[in-house]
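These notes are about the structure you will find just below.
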Amino acid sequence: MFGFSRAQLISLVILIAVVIAAPFFVYPIVAMQVMCYALFALGTNLLMGSVGLLSLGQAAYFGLGGYTAGYLVQSLGLTPEIGIVAGGLAGGLLGAVFGWLAIRRQDIYFAMITLALAQIVYFGAVQLTGFTGGENGIQGIPRSALFGLFPLANDHAIYALVAVVFLIGVVFVHRVIHSPFGQVVRAVRDNEPRMVSLGYRPASYKRIMFILAAVLAGIAGGLKAMVMGIQTLSDVGIATSGLVVLMVLLGGIGTIFGPIVGALIVIAMQYYLAPFGAWVIVIQGGIFVICVLVFRRGIVGELAYRLKSPL
Amino acid sequence: MNEAVTEAVLETSGLTKRFSGFTAVDNVSLSVKAGSIHALIGPNGAGKTTCFNLLTKFLQPSAGKITYRGDDITHLKPADVARRGMVRSFQISAVFGHMTALENVRIALQRERGASFDFWRSDRRLQRFNDRARALLEDVGLGPFADTMAAELSYGRKRALEIATTLALDPPLLLLDEPTAGMTEQDVARIVDLIKRLRQGRTILMVEHNLSVVAGLSDRITVLTRGRVLAEGNYETVSRDPAVITAYLGSDHA
Ligand SMILES: Nc1ncnc2c1ncn2[C@@H]1O[C@H](COP(=O)(O)OP(=O)(O)O)[C@@H](O)[C@H]1O
Ligand SMILES: [Mg+2]
């Protein structure tokens, strides 16, 4: 169905069940945060898994999406759906410019360029206080009514919105990978010179993937700003860029469900390890090292390998 | 062949490639006539593959000019050369290993027929290319392997798949780099047959090591040694040339 394999369909059903049940068992706020980061990681995985490019600057699009949505809703009094869509568009536009600059580079140079560009955005966010609130960030973003009709003040109401956007994101990412475009990207990954000799211009396809990843990051950032009611500098910083890469690697690079599992683990760790204070980062680092040593394919990647089926 | 009246599709003048002091291709002037099969032969390291890389723009020449159908293509990008109808195969088999044989051929059909950018559509849309792709696979004897992963095919079959993929673009000028290298005799015979059928309506420039293949197929042969053109002509002329016998056969049998 919809080009999902059997194992993927089962996973999707489980995922939907978990999404529906979660707010009754855990803080809805935590579950929503997981979904926002999962959406962000799904996009990042389009670059890492499908194209094979490691971006160290994905927080730029995530953060810009958050600031855009936060600014429009708080300062201009627009409705949340406009904020979130605008967040995605802003992320995509920035991705179009940065992708154009970065895609010409390969490997480590690509990673360095994306990092450098994201740092420019970070310093921009510090300086442009009229838009970002600088060090204070944007505080108290109101949860105004969706389309001006459906109030989101209740956690369960906004949860429904986040869940729908997130699940659409999952299906969308699967579709991109299993589209004629996705097929070209796979072939480029497999043998780029051969694709060039067949008349393809691989950079165009990589750029589109870069933009798609940035759009998803922007939507995720906008959604998260709506959920949390605040938008701060940390969302646009290098630590967030690192965090999303960690989520993808932990869950399983190049899988559909890996980034979701990765986001769940990383966010859950942040919550449950919070009492350890600064040690969180050390513990996270330790878990990451162990995971890389034990499951080189990531958790879902390892599972898919054992089941001999894509997940 | 009425060589006198047919014009050149592809011409080079003074084509030169230096790699940090070492000249791999040295002042080569080629003229490939429309509708002919032109062979480029020479011992290992003569510069044949480098020549191909220059012609298809995978490498930028240090000097010289390349003209294709009257247009100067010296500064074109490799993808644009392919789009103009000059398509190459590689010496080291170039297939998409993680894709099936059918998908390999389809990827070539996909670009021309405008189905390579739509990321919102299902890849089931590509099934409309299946018939054409299967026909191409049949042509190279890979009919039964349509659903086999390319990486799992034998070496000879990978080469055949690469040719089928190249043919999917129906290129007017086909550049084959040692199409029969590493193949069994049976496979070689099939590829030679295929090339004979392919020549209808197109020009073929091929690098070949196997002399018997060249003898039966080519209208014109250029012999390259150490990056330079040593001799040129039909098989009879070239194979009797004493310089060719010493340079080519000499080092080949050393
Ligand atoms: N990218 C490169 N850098 C340096 N030297 C090269 C490069 N490519 C080819 N060469 C050298 O150029 C010469 C010609 O190589 P090649 O064109 O592959 O020969 P052939 O295909 O005739 O066997 C060889 O000596 C090879 O080592
Ligand atoms: Mg060679």
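In contact (Cβ under 8 Å) with a residue 24 or more places away in the chain, more than 19 Å from the chain's Cα centre (by Cα), within 14 Å of chain B (Cβ to nearest Cβ) and in a helix (DSSP H, G or I): which single residue out of A:Phe131, A:Phe181 fits that description? Please lay out each step first, then the result.
Values: A:Phe131 fails: within 14 Å of chain B (Cβ to nearest Cβ).
After applying the criteria, what remains is A:Phe181.
Please determine whether any residue of region B:37-47 is within 12 Å of ligand 2 (Cβ to nearest atom), out of contact with any Lys or Arg (no Cβ under 6 Å at 6 or more places or on another chain) and hydrophobic (A, V, I, L, M, F, W, C). Yes, because at least one residue in region B:37-47 is within 12 Å of ligand 2 (Cβ to nearest atom), out of contact with any Lys or Arg (no Cβ under 6 Å at 6 or more places or on another chain) and hydrophobic (A, V, I, L, M, F, W, C). Residues in region B:154-178 that are part of a loop (DSSP other than H, G, I, E, B) and within 14 Å of chain A (Cβ to nearest Cβ) were compared, and the one that is nearest to ligand 1 (Cβ to nearest atom) is B:Pro171. Scanning region A:35-60 for residues that are more than 17 Å from A:Val173 (Cα to Cα) and not in a loop (DSSP other than H, G, I, E, B) gives A:Ala59, A:Ala60. Sort out which residues of region B:212-242 are within 12 Å of ligand 1 (Cβ to nearest atom) and assigned to a loop (DSSP other than H, G, I, E, B), and write them in order of number. Listed by number, the residues that qualify are B:Arg226, B:Gly227.
Does any residue of region A:148-158 turn out to be aromatic (Phe, Trp, Tyr) and either within 30 Å of A:Ser50 (Cα to Cα) or in contact (Cβ under 8 Å) with a residue 40 or more places away in the chain (or both)? So far as region A:148-158 goes, no, none of its residues is aromatic (Phe, Trp, Tyr) and either within 30 Å of A:Ser50 (Cα to Cα) or in contact (Cβ under 8 Å) with a residue 40 or more places away in the chain (or both). Residues that are surrounded by fewer than 21 Cβ atoms within 10 Å (Cβ to Cβ), of a type in the set (A, V, I, L, M, F, W, C) and either without any contact (Cβ under 8 Å) to a residue 40 or more places away in the chain or away from ligand 1 (no atom under 13 Å from the Cβ) (or both): does region B:36-56 have at least one? No, there is no match, as no residue in region B:36-56 is surrounded by fewer than 21 Cβ atoms within 10 Å (Cβ to Cβ), of a type in the set (A, V, I, L, M, F, W, C) and either without any contact (Cβ under 8 Å) to a residue 40 or more places away in the chain or away from ligand 1 (no atom under 13 Å from the Cβ) (or both).
For A:Leu212, are the conditions met, namely being more than 14 Å from chain B (Cβ to nearest Cβ) and part of a helix (DSSP H, G or I)?
Numbers: more than 14 Å from chain B (Cβ to nearest Cβ): no; part of a helix (DSSP H, G or I): yes.
When the stated conditions are applied, A:Leu212 does not pass them.
I need the full set of residues from region B:133-169 which are more than 18 Å from B:His98 (Cα to Cα) and among the aliphatic types (A, V, I, L, M), in order please. Passing the criteria: B:Ala135, B:Leu136, B:Val140, B:Leu167, B:Ala168, B:Leu169. B:His209 fulfils the conditions (1) within 16 Å of ligand 1 (Cβ to nearest atom); (2) within 14 Å of chain A (Cβ to nearest Cβ) except for a single criterion, (2). Of all residues in region B:77-91, those satisfying the criterion of being more than 7 Å from chain A (Cβ to nearest Cβ) and outside any loop (DSSP other than H, G, I, E, B) are B:Asp80, B:Val81, B:Met86.
Do you know which of the residues in region B:65-76 that are out of contact with any Gly (no Cβ under 8 Å at 6 or more places or on another chain) and not in a loop (DSSP other than H, G, I, E, B) is farthest from ligand 1 (Cβ to nearest atom)? Taking the candidates together, the pick is B:Asp71.
Scanning region B:48-71 for residues that are among the basic types (Lys, Arg), over 22 Å from B:Arg199 (Cα atoms), within 16 Å of ligand 2 (Cβ to nearest atom) and assigned by TED's automatic domain parsing to the domain that holds B:Val207 turns up nothing.
The values are calculated or read from the model by the stated rules, or taken from the named source; none is laboratory data. What you are looking at is a predicted structure, and each value in this text was computed from that prediction instead of being measured. Note that each Cβ is placed from the backbone with ideal geometry, even for glycine, and that neighbours are counted across all protein chains shown.
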